[in-house]
Amino acid sequence: MANSKSSPVANPAPLGLLGFGMTTVLLNLHNAELIPLSMVIVAMGFALGGAAQIIAGIMEFKANNTFGATAFTAYGFFWWSLIFIWAQPVETVAAADPISMGYYLGLWGIFTFCMFIGTFTHNRATQVVFGSLALLFFLLAAANFTGSDTIHLIAGYVGIFCGASAIYNSMGQIINAELKRNIFPL
């Protein structure tokens, strides 16, 4: 998601990718039934998944990178909306049910698939992040619509891969830029 144009703003993509990647790995360790859903995931979702990505998105707007600005800002607010859904702070509104969550996750899958198409001009690492994220959202939607624990478990492992690929992309951008050579192929 790095902007190839010269900009007075540092490249915000590594921050956004790190926020997305670490939070996605953590949540999907839960989806893969390796850890329980706990305040650890909620806090990471609020801080790194939400706030850090929103900040990166705003910085991408400043750098005139529409793709990065849209991706990071939207996914940052995804994390905040997911936390809001989990917290259920409005007592007069029905809690999220599996069908509504299926539609919620399915809409995010459609958005992500469209963003994946936008990565065809980006590096392979970014294509892997968005392709695996689209698959993750569609699997999670299917798990909610069907009630299938197996699909949910598979989604967890896809999510761990997706998050790890975003962390790799983030670290690759930082290390390659700092060492001024291609250490991490992107």
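Being more than 21 Å from residue 129 (Cα to Cα) and hydrophobic (A, V, I, L, M, F, W, C), is that true of even one residue in region 54-70?
yes
Pairs linking a residue in region 35-61 that is touching a residue at least 12 places away in the same chain (Cβ under 8 Å) to a residue that is outside any helix (DSSP H, G or I) and surrounded by 20 or more Cβ atoms within 10 Å (Cβ to Cβ), with Cβ atoms under 7 Å and 6 or more positions apart or on different chains, are 56/12; 59/12; 60/12.
Annotation note: of 156, 106, 131, 118, the sole residue that is assigned to a helix (DSSP H, G or I) and closer than 24 Å to residue 10 by Cβ is 118. Among the residues in region 171-186, are any at pLDDT 95 or above and more than 22 Å from residue 56 (Cα to Cα)? For region 171-186, residues at pLDDT 95 or above and more than 22 Å from residue 56 (Cα to Cα): absent. Out of everything in region 137-151 that is hydroxyl-bearing (Ser, Thr, Tyr) and assigned to a helix (DSSP H, G or I), what residue ends up being surrounded by the fewest Cβ atoms within 10 Å (Cβ to Cβ)? By that ranking, first place goes to 150. Within region 76-94, residues that are in contact (Cβ under 8 Å) with a residue 24 or more places away in the chain and under 23 Å from residue 55 (Cα atoms) sit with their Cβ atoms under 6 Å from residues that are among the aliphatic types (A, V, I, L, M) and not in a loop (DSSP other than H, G, I, E, B), at 6+ positions apart or across chains, in these pairs: 76/54; 83/42. A single entry from 101, 59 fulfils the requirement of being within 23 Å of residue 26 (Cβ to Cβ), over 14 Å from the mean Cα position of the chain (by Cα) and at pLDDT 95 or above: 101.
Restricted to region 83-103, and to residues there that are assigned to a helix (DSSP H, G or I) and among the small types (Gly, Ala, Ser), the residue that is surrounded by the most Cβ atoms within 10 Å (Cβ to Cβ) is 102. Tell me yes or no: at least one residue of region 14-30 is surrounded by fewer than 19 Cβ atoms within 10 Å (Cβ to Cβ) and free of Cβ contacts under 8 Å to residues at least 24 places away in the same chain. Looking through region 14-30, none of the residues is surrounded by fewer than 19 Cβ atoms within 10 Å (Cβ to Cβ) and free of Cβ contacts under 8 Å to residues at least 24 places away in the same chain. Criterion first (crowded, with 20+ Cβ neighbours inside 10 Å, farther than 27 Å from residue 65 by Cβ and out of contact with any Phe, Trp or Tyr (no Cβ under 7 Å at 6 or more places or on another chain)) does residue 41 satisfy it? It is true that residue 41 is crowded, with 20+ Cβ neighbours inside 10 Å, farther than 27 Å from residue 65 by Cβ and out of contact with any Phe, Trp or Tyr (no Cβ under 7 Å at 6 or more places or on another chain).
Anything in region 55-80 that is surrounded by fewer than 16 Cβ atoms within 10 Å (Cβ to Cβ) and either within 16 Å of residue 140 (Cα to Cα) or basic (Lys, Arg) (or both)? List them, or say none. Within region 55-80, just 62 meets the criteria.
The values are calculated or read from the model by the stated rules, or taken from the named source; none is laboratory data. These numbers were taken from a predicted model, which means no experiment stands behind them. Here the Cβ is made from the backbone with ideal geometry for all residues, glycine too, and neighbour counts use every protein chain on show.
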